[in-house]
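Engineer: My questions all concern the structure below.
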Amino acid sequence: MTVVRGGLGVYTVPFIISGNFQPGFSQTTTIVPSNDLGLTFNSTLANPFPSGVVAPAGASRGADTFLGQDLNNASGTRFVPLDFKNAQNTRYLISVQRELPNQWLIEGGFTGSHGWNLTTGGGGQAGRSR
């Protein structure tokens, strides 16, 4: 007996998964590992922020919590680009299974995945975006 199996799925990654944006309740603290190009180090793995972290304002300022700021992230780029598209991923597979004499079984298959409009954390760690 021979069995052929296959499948295809298209998945959407909603923007909400890309990160959180909580004006006034989240704050970026930049790590400065060295002030002299690596001759001496301020930060270590045990203490990455020796001078402390920047505390978020929270609700202490009431309606003025986000006053004077804009919808840009820490790197100065727009939080939600005007041409933003949700990430997509297609996964597909096909396999063939064959029963041989003496209860032997052989199977071969192929699985693949293709994604587009995927996001990264920025900073070029995933290569150059096009």
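Engineer: With a Förster radius of 35 Å, plug the Cβ-Cβ distance of VAL3 and PHE84 into 1/(1 + (r/R0)^6) and report the FRET value to the nearest 0.05. If you can, show how the numbers build up before the last one.
Structural biologist: On the way: r = 43 Å, r/R0 = 1.22.
After rounding, the FRET efficiency stands at 0.25.
Engineer: Take ASN117 and THR44, extend 7 Å from each Cα along the Cα→Cβ direction, and tell me the distance between the two endpoints in nm.
Structural biologist: 4.7
Each reported figure results from applying straightforward, stated rules to the coordinates on display, with no laboratory input. Treat the numbers as computed from the prediction; the structure is a model and nothing was measured. Note that each Cβ is placed from the backbone with ideal geometry, even for glycine, and that neighbours are counted across all protein chains shown.
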